[in-house]
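The block underneath contains the structure these notes are about, expressed in structure tokens.
The values are calculated or read from the model by the stated rules, or taken from the named source; none is laboratory data. Fair warning: this is a prediction, and the values are worked out from it, not measured in the lab. Here the Cβ positions follow ideal geometry from the backbone for every residue, glycine too, while neighbour counts run over all protein chains shown. Only protein heavy atoms, including side chains, enter the accessible area calculation; ligands, DNA and RNA are left aside. Shrake-Rupley method; radii C 1.70, N 1.55, O 1.52, S 1.80 Å.
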Amino acid sequence: MIKKILNIMLSKKVLPLLLIVIFGSIFWAFKGRTTSAEEPSLARQQRLLTGIGQILEARHYSPKAIDNAFSKQVFDKYLKSLDPDKNVFIQADINDLKKYDTTIDDEINGGPIQFFPAAGVAYKKRLDEAINDYTAVLARPFDFTTNESAQLDGDKLDYPANEAAKQELWRKRAKFLSLEKYSELLSYRDKNKNVDSIAHKTNAQFEAEARAKTLSTLNKIYTRIKLRLTEEEQFNSFVNTITDLMDPHTEYFPPVEKRGFDEEMSGHFFGIGAQLKEEDNVIKIATIIPGSPAWKSQKVQVNDIIMKVAQGPGEPVDISGFDVLDVVKLIRGNKGTEVRLTMKKADGTIQVLPLIRDEIVQDESFARSVIAKTGDKKIGYIYLPEFYADFENPNGARCSVDVAHEIEKLKAEHIDGLVLDLRNNGGGSLYEVVKMVGLFIKTGPVVQVRDRDAAPATLSDNEESILYDGPLTVMVNEMSASASEIFAAAIQDYKRGVIVGSTSTYGKGTVQKNLPLGRAVDLSTGETEFGALKLTFEKFYRINGNSTQLKGVTPDVVLPDQYDYIKFREKDQPSALQWDQIPKSTYTLWDAGFDWSAIQQKADARIEANPAFSAIKNNTNWLSNNVDKEYQLNIDKYKQDQTAIKDKVHQNDSVSKLAKPMDIQPVLADKDKFFNNPDKAKGERYQQWLKGVQSDIYINETLNIISDIADKSHTNTAKQ
């Protein structure tokens, strides 16, 4: 599944206590005075595991009993996380580890930790064997004319009964991976018949080349697995197996991961100001941000290769085999600290470059707006990728402030309607949701919140002023989650605007907060010795009383979505909490000034008659019935299957883009940001984003809807 949706939510007590609630005024320290640096790792892990178990039982919204049944679930899930494809372990390994399947609850409750170290020993042994297995398989030619198929979905496979069965699994997996590359090479030859060096290559040569590429790919994957297979990484994975079984959003963050979480929420971090890329199995500098430490040094250049990373004068870490995210974690840190990069320059020389970390603002993840001209109307469009909030900095970014600023810019150009795009917005700060809803209504409740013991509390907008009272539509899809769902639900319940999107939003109706673990290491950043536990401690409810949990928000106008068939919503997560209801709040409907049913009927008729949406709907239905099958290992059958799938996907991609771009341009105040940006690479990214907006069929239909509303609506006031 795509990346996990990260959210920070607010306690139901009182809004002014936001900072205390979010970041915690209490550090969950564990028994003993020994510092983590002096303490043996297993003893430290024991304290942390027991402490987290106690927090889960005492504070989780709906904790599962930590008993033998729970232990068995952890056992199965952790082994699956180690070997998701079931091509490393054999059944005998699972049988040997079975003695731990009812003792993990004892480990959580203070018993000696035995399971994950034992599983790690068995996995490391089998991992080397698996590498030998695929290496041996790929040393021999494949016959792609035989009729056979391969099941590669680990959930549908048993663990191999013995070594021979595992080797057969690897034979089929390696054959399929090679078949993919072999088919691509044949297609490439067909397209380059006039190039002698390609046209004259034989099928046997391409088959050998395909195997070589497969071997290189697998070696790269398993080299990284071995690099990450440290005791600490195994323990973190083990703990997160436990937390994930409580619910999908309770999560343990080791200190480095916690820093990354805070960076994503705040929109800023402390680093060197260089974007990295992976190319030719090395990590290179991709772009450099003007004004950043890397730029100021005048020694860091695009395409420099990073070889090692050191924390100040500390021992350098050789990053061979690391992926980009791993290297980013090493380079980022606290403001004013030193990072030393060992770089290979274009001329082949090796240099060690000391750089002092400074603040880097990720403003490309902030709200942005443009204006669409449709007919005689000007429609404002605001894109909000997440509900961000920098709580550590009084002058830091707040999405509600930024959206208000974008609205002011759009109003200055006399818009007739507004589109707010929350597609793929995974959520964020609940406080910001309340403030943002307040931009569009006079006063009233926004969301209800309940913990496991108390009656619901209501969070309300108490600001009398309304920043924008014109026609409004909100775009959502299956990846709009949490805070996005609260906003869309409130706008829908007030009938303040029309919600447009896929059959439902994600369906995350739970509230999390971070509990710092252990003693404070750095009070300025909130860093603690053990990181933090992101804990589900409340559920939120719409003001109409319904939970968004599992069911999400159903749009007023549903648009066919090419990803609708993929099972990654909350309802598809086995440990998700259940849907329920509470009494509704008292609130006053907005006088929209138009016939809602007429707007919906007109939109539905237009969507039904649109050949592009019909194609997306039909292709998506076909894909949902055909992608979850065994893979053919015969070249002709493989091509037939792949051609059919690619045709459907290509059709969806093609019809999702308008043949003629819409007339959409930046507001006057933002022209330079798009077309004269001092950071040339960033300016090009803004322009590329603008092109995507101009050709987006979903935005086009939403503009049709907002235009219909603008035609029918009058000056809006709340019903009394």
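Accessible area per residue for the stretch 282-392, computed on protein heavy atoms with a 1.4 Å probe, is 46 Å².
Given that compact globular proteins tend to follow 2.2 N^0.38 Å, what is the ratio of the alpha-carbon Rg of the stretch 326-476 to that value?
Ratio of Cα Rg to 2.2 N^0.38 Å: 1.44.
Within the stretch 76-127, which chymotrypsin sites (Phe, Trp or Tyr not before Pro) sit in a loop by DSSP and count at most 15 neighbouring Cβ atoms inside 10 Å? Here no loop site has a sparse enough neighbourhood. Were the residues from residue 190 through residue 57 laid out at 0.36 nm apart, the gain over their Cα-Cα distance would be 41.7 nm.
Once backbone amide H atoms are built at 1.01 Å from N, residue 250 has 536 as its partners under 5 Å, excluding neighbours fewer than 5 places away on the same chain.
Dimensions of the stretch 290-393 from C-alpha coordinates, computed as largest minus smallest value along each principal axis and given longest first, are 62, 36, 28 Å.
Taking the 1.4 Å solvent-accessible surface of the chain as the whole, the part contributed by carbon and sulfur is 51%. Applying the criteria of a DSSP loop state and at most 14 other Cβ atoms within 10 Å to the trypsin sites (Lys or Arg not before Pro) of the stretch 607-639 yields 629.
In terms of its C-alpha gyration tensor, the stretch 531-637 has an oblate overall shape, because the principal axis ratio a/c (a ≥ b ≥ c, square roots of the eigenvalues) is not below 1.5 and a/b does not outweigh b/c. Residue 662 sits with roughly 30 Å² accessible to a 1.4 Å probe, with DNA, RNA and ligands left out of the calculation. In the context of the full set of protein chains, residues of the stretch 519-577 present 36 Å² of accessible surface per residue (probe radius 1.4 Å, heavy atoms only).
For the stretch 650-720, the solvent-accessible area of protein heavy atoms averages 55 Å² per residue (probe radius 1.4 Å; ligands and nucleic acids excluded). Per residue, the Cα convex hull of the stretch 112-161 amounts to 110 Å³. A Cα-only calculation for the chain places Rg and Dmax at 27.5, 81 Å. Dividing the mean sequence gap of close Cα pairs (under 8 Å, 6+ apart) by how many residues the chain holds gives a relative contact order of 14 percent.
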